[in-house]
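Peer 1: Structure incoming, see below.
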């Protein structure tokens, strides 16, 4: 960064100075150049935003001989939103720090030019504003990047009870103008690194979430069982699980948490842990769902809820006991060919503390197929906003029902993607298939 002092000029034309005056002018120019070059070396190699601003403030206080200073970085997308994004302050005295005024920030947004006040108690600018009583004077200058106000540099109270001068204001304006781009570059650098860290955290959260899902399909004699979940974002709010209870019982469930992204994924992990804990300690599907509902009611906010299909497969009697807590009704394809819908259960979880959930036990004959899915499947829309729908899902399952469980899932996903086309995936898509061989 190259800093250049501004040459003094007279609006009435060039003025011939005496030798003494010319010497003073040259001395002042050399001092300014030294100040600016020193500042350039101090901040040019750093990308730490707070360190850069503190350095600018300290060097400004030394150059202007003021007591305190502050740089305020402002939100500049709209002049109506004068929200302070970053504030850092350095002081050359032991007195309490002065606070930057929103009215002063508003004035800078509108005028974008230096402001100097040397008698705060009688100046019209201070009338009606709340200021620290110990503020006697100030110089406030804009920090501009490509005609955009990115911050304000302010110094308070000239030392030795004297007044700020036009030369002080001019030098402070040069410092602000020449260092504004460095400050903006550091801010953008920190934002970029913050975004990178956030992306890395989301990536790790997605990996943790995928690790919480079953890593393989359960091996159950006489059955073919599979599941798959595709989040709409890097992380999602759907989950499915296979939990062995004993040698002849396997819990199979699919839950859909309200919302998407990181908040939904955190609640999903909580739901999954709750269900796993209750599965091993409760005798029936309805009791497990009821207890999980009560626990979630006390541990989640009122605006969060969970739909759940929970079932227990008994491989000795070839039956499935299930409880549907407000979830999309799964399809049960039996030998008759006409699918049944599994809707017995109750309301979604975490809304009411105590609810009398019910369960139903259905027989599973050879060739029976049960398809449990989240609403991201049936509500997937194409560019014309047409949903995939339950009827099309039933037709796809019927066309693939003689295939393996994983192949049925792949057939459904392929059909949904063909329907959606180039439209973005709006919701998580999760499917579990239970097939008796």
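Peer 1: For the stretch 150-176, give me each residue that is outside any helix (DSSP H, G or I) and under 16 Å from residue 70 (Cβ atoms).
Peer 2: 150, 151, 152, 153, 154, 155, 156, 157, 158, 164
Peer 1: If I filter the stretch 235-273 down to residues being surrounded by fewer than 17 Cβ atoms within 10 Å (Cβ to Cβ) and over 25 Å from the mean Cα position of the chain (by Cα), which single residue comes out as nearest to residue 291 (Cα to Cα)?
Peer 2: Restricting to residues being surrounded by fewer than 17 Cβ atoms within 10 Å (Cβ to Cβ) and over 25 Å from the mean Cα position of the chain (by Cα), the top hit is 245.
Peer 1: Report yes if some residue within the stretch 216-229 is closer than 21 Å to residue 429 by Cβ, surrounded by fewer than 16 Cβ atoms within 10 Å (Cβ to Cβ), at pLDDT below 95 and under 33 Å from the mean Cα position of the chain (by Cα); otherwise report no.
Peer 2: Yes, the stretch 216-229 contains a residue that is closer than 21 Å to residue 429 by Cβ, surrounded by fewer than 16 Cβ atoms within 10 Å (Cβ to Cβ), at pLDDT below 95 and under 33 Å from the mean Cα position of the chain (by Cα).
Peer 1: If only one of 206, 264, 194, 176 is more than 24 Å from residue 408 (Cα to Cα), at pLDDT below 90 and touching a strand residue (DSSP E or B) at 6+ places or on another chain (Cβ under 6 Å), which one is it?
Peer 2: Just a single option satisfies the conditions, and that option is 264.
Peer 1: Across the stretch 148-164, which residue is farthest from residue 111 (Cα to Cα) among those that are touching a helix residue (DSSP H, G or I) at 6+ places or on another chain (Cβ under 9 Å) and buried (at least 23 other Cβ atoms within 10 Å of the Cβ)?
Peer 2: The residue in question is 155.
Peer 1: From the list 186, 205, exactly one residue is under 27 Å from residue 52 (Cβ atoms), in contact with a helix residue (DSSP H, G or I) (Cβ under 7 Å, 6 or more places away or on another chain) and surrounded by 17 or more Cβ atoms within 10 Å (Cβ to Cβ). Which is it?
Peer 2: Just one listed residue meets the conditions, 186.
Peer 1: Restricting attention to the stretch 336-349, and to residues there that are part of a loop (DSSP other than H, G, I, E, B) and at pLDDT 95 or above, which single residue is surrounded by the most Cβ atoms within 10 Å (Cβ to Cβ)?
Peer 2: 342
Peer 1: Still on this structure, I have one more. Test of understanding: among 255, 232, 251, which residue is over 22 Å from residue 436 (Cα atoms) and part of a strand (DSSP E or B)? Give the steps one after another, and end with the answer.
Peer 2: Working: 232 fails: part of a strand (DSSP E or B); 251 fails: over 22 Å from residue 436 (Cα atoms).
None of the others qualify; the one that does is 255.
Peer 1: Could you please give the count of residues in the stretch 288-314 that are assigned to a helix (DSSP H, G or I) and in contact (Cβ under 8 Å) with a residue 60 or more places away in the chain?
Peer 2: The qualifying residues number 4.
Peer 1: Please verify whether the stretch 416-435 includes one or more residues that are closer than 25 Å to residue 209 by Cβ, modelled with pLDDT of 95 or more and surrounded by fewer than 16 Cβ atoms within 10 Å (Cβ to Cβ).
Peer 2: Yes, the conditions are met somewhere in the stretch 416-435.
Peer 1: Follow-up question, since we're still on this one. Within the set of pairs 6 or more residues apart or between chains, which connect a residue that is farther than 24 Å from residue 171 by Cβ and assigned by TED's automatic domain parsing to the domain that holds residue 156 inside the stretch 109-135 to a residue that is part of a helix (DSSP H, G or I) and at pLDDT below 90 with Cβ atoms less than 7 Å apart?
Peer 2: 129/103
Yes/no per residue for (1) out of contact with any strand residue (DSSP E or B) (no Cβ under 7 Å at 6 or more places or on another chain); (2) farther than 24 Å from residue 188 by Cα; (3) surrounded by fewer than 15 Cβ atoms within 10 Å (Cβ to Cβ); (4) at pLDDT 85 or above:
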| residue | (1), (2), (3), (4) |
| --- | --- |
| 57 | no, no, no, yes |
| 66 | no, yes, no, yes |
| 87 | no, no, yes, no |
| 114 | no, yes, no, yes |
| 124 | yes, yes, yes, no |
| 128 | yes, yes, yes, no |
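Peer 1: For residues that are assigned to a strand (DSSP E or B) and either free of Cβ contacts under 8 Å to residues at least 24 places away in the same chain or outside the structural domain of residue 431 (by TED's automatic domain parsing) (or both), tally how many sit in the stretch 315-335.
Peer 2: 2
Peer 1: Something else: Of everything in the stretch 378-406 that's loosely packed, with under 14 Cβ neighbours inside 10 Å and closer than 18 Å to residue 334 by Cα, which residue is farthest from the chain's Cα centre (by Cα)?
Peer 2: Here the residue is 402.
Peer 1: Exactly one of (1) closer than 21 Å to residue 37 by Cα; (2) surrounded by 15 or more Cβ atoms within 10 Å (Cβ to Cβ); (3) touching a helix residue (DSSP H, G or I) at 6+ places or on another chain (Cβ under 8 Å) is unmet by residue 167. Its number?
Peer 2: Residue 167 satisfies every listed condition except (2).
The values are calculated or read from the model by the stated rules, or taken from the named source; none is laboratory data. On a predicted model such as this, the values are computed, not experimentally measured, just so you know. Because the Cβ atoms are built from the backbone with ideal geometry, glycine has one as well, and the counts that use them run over all protein chains shown.
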